Amino acid sequence: MKDPVIKGLYAVTDEHLMPDRLLDKTAQAIRGGATIVQYRNKSSDRQQRIHEARALLSLCRQLHVPLIINDDVMLAKSEGADGVHLGKHDESIRQARAELGEQAIIGVSCYNDLQCAITAQEMGADYVAFGSFFPSPTKPDAVTAPLELLQQAKNTLDIPVVAIGGITPHNATTLIGAGADAVAVIRGLFGHANTGFMAREYARLFDRRQYRVASKQY
């Protein structure tokens, strides 16, 4: 799968969920409107990660959304996932592309660094992510990204821009208005008792025509 529309709700899984809950809540997120799923698990238990990635990929295939693997190029390759999301200390984009092929979706975290995003695009990234825009329970010590960074990125880049970090249905509107093509959410989805309901709350924000991308005047 290549060149999906990176737009709307980008669901990032919660590594604290038990496997059965992980699948159930991911299915709820997708049916509620998530357009892409990222499997995120920092555990050192390789077998657990293989098992969960395999199960999630089967689910995502059934529901016709791409599955991205966080940080682990070789897991993405071995399980046939749709791509990988790279962080600051992960393998380079070129290495990932060499392993996964031209059809793979490669995303890169650029935190609050526009130059990182420009370089990532030049090296062949399919999308970039900025954040944290708001305090995040997942990464409480994350660097803070200013809202105007989204406007700068949309004026500069030709690839989709994803916003992440403490995003709720209430504060997401400012990010969408500033130019975010997608919002990546962990706890706001998987930490809620009704993940499907929350997914719909996020997804409907992208259907509101009044939240237009900011004009390129920054």
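The values are calculated or read from the model by the stated rules, or taken from the named source; none is laboratory data. As the structure is a computational prediction, the values presented were derived from the model and not from experiment. Here the Cβ is made from the backbone with ideal geometry for all residues, glycine too, and neighbour counts use every protein chain on show.
Could you list, in sequence order, all residues of segment 37-46 that are at pLDDT 95 or above and out of contact with any helix residue (DSSP H, G or I) (no Cβ under 9 Å at 6 or more places or on another chain)? Passing the criteria: Q38, R40.
Checking E15, E102 one by one, the residue that is touching a residue at least 12 places away in the same chain (Cβ under 8 Å), surrounded by fewer than 16 Cβ atoms within 10 Å (Cβ to Cβ) and in a loop (DSSP other than H, G, I, E, B) is E102 and no other.
Residue count for segment 137-170 under the criterion of being over 16 Å from Q121 (Cα atoms) and touching a residue at least 40 places away in the same chain (Cβ under 8 Å): the result is 5.
So D20 ticks every box in (1) assigned to a strand (DSSP E or B); (2) free of Cβ contacts under 8 Å to residues at least 12 places away in the same chain; (3) not β-branched (V, I, T) but one. Which box is left unticked? Every condition holds for D20 apart from (1).
Considering segment 171-218, the qualifying helices (runs of 4 or more DSSP H), each wholly inside and each with 3 or more residues that are among the aliphatic types (A, V, I, L, M), modelled with pLDDT of 95 or more and touching a Gly at 6+ places or on another chain (Cβ under 8 Å), run over 195-203.
For I30, indicate whether it is in contact (Cβ under 8 Å) with a residue 60 or more places away in the chain and either in a helix (DSSP H, G or I) or out of contact with any helix residue (DSSP H, G or I) (no Cβ under 8 Å at 6 or more places or on another chain) (or both). Let's see the steps before the verdict.
Numbers: in contact (Cβ under 8 Å) with a residue 60 or more places away in the chain: yes; either in a helix (DSSP H, G or I) or out of contact with any helix residue (DSSP H, G or I) (no Cβ under 8 Å at 6 or more places or on another chain) (or both): yes.
Yes: the conditions hold for I30.
Taken together, A81, A76 contain a single residue that is closer than 30 Å to A145 by Cβ and not in a loop (DSSP other than H, G, I, E, B), which is A76. Checked against (1) more than 17 Å from the chain's Cα centre (by Cα); (2) of a type in the set (S, T, N, Q); (3) not in a helix (DSSP H, G or I), S109 meets all criteria but (1). With the requirement that a residue be within 21 Å of the chain's Cα centre (by Cα) and either in a helix (DSSP H, G or I) or charged (D, E, K, R) (or both), what does segment 39-50 give you? Within segment 39-50, R40, K42, R49, I50 meet the criteria. Within segment 146-164, how many residues are of a type outside the set (D, E, K, R) and either modelled with pLDDT under 95 or surrounded by fewer than 23 Cβ atoms within 10 Å (Cβ to Cβ) (or both)? Of the residues in that region, 9 qualify.
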